[in-house]
Structure formats: C-alpha cells, structure tokens
Amino acid sequence: MAKCSFCSKEIEKGTGKIYVYKTGKILNFCSMKCEKNALKLKRKPIKFKWTKGEK
Ligand SMILES: [Zn+2]
C-alpha cells in the first residue's frame, strides 16, 4: 500500500493522487491538502501537527 509522501498516512486504493516529476521521482498524496502543501508551499511535514498520523 502506498503511503502519503507528505504525512506518511497510508493511502487507500482508489484514493489519493500520484505526482511524477520529470526526473522520475514519484510522490504519493492522500489528499489535496498534502499535495498543496508539499508542491505549492514546499512545507516541511515535520512542522505540522496533522502530519503525525496518530492511530
Ligand atoms: Zn497525506
């Protein structure tokens, strides 16, 4: 199962997004929120409480 490249949450099949760089690097995102933060704002996941992935 793929994990979100931003918050490390497991991504359920059929959900989430995959972003592929021209260099071949692949990022998986569980939600628009993560995609936006990672790609547009270039934020570091460690700074955000909601990335902890508490169970
Ligand atoms: Zn995520």
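Annotations
- Residue within the stretch 11-28 that is within 11 Å of the ligand (Cβ to nearest atom), β-branched (Val, Ile, Thr) and at pLDDT below 85 present: no
- Summed over the stretch 10-36, residues that are in a loop (DSSP other than H, G, I, E, B) and either in contact with a helix residue (DSSP H, G or I) (Cβ under 8 Å, 6 or more places away or on another chain) or among the hydroxyl-bearing types (Ser, Thr, Tyr) (or both) total 4.
The values are calculated or read from the model by the stated rules, or taken from the named source; none is laboratory data. Owing to the predicted nature of the structure, the values given are computational and were not obtained by experimental measurement. Glycine also receives a Cβ, built like all others from the backbone with ideal geometry; neighbour counts cover every protein chain displayed.
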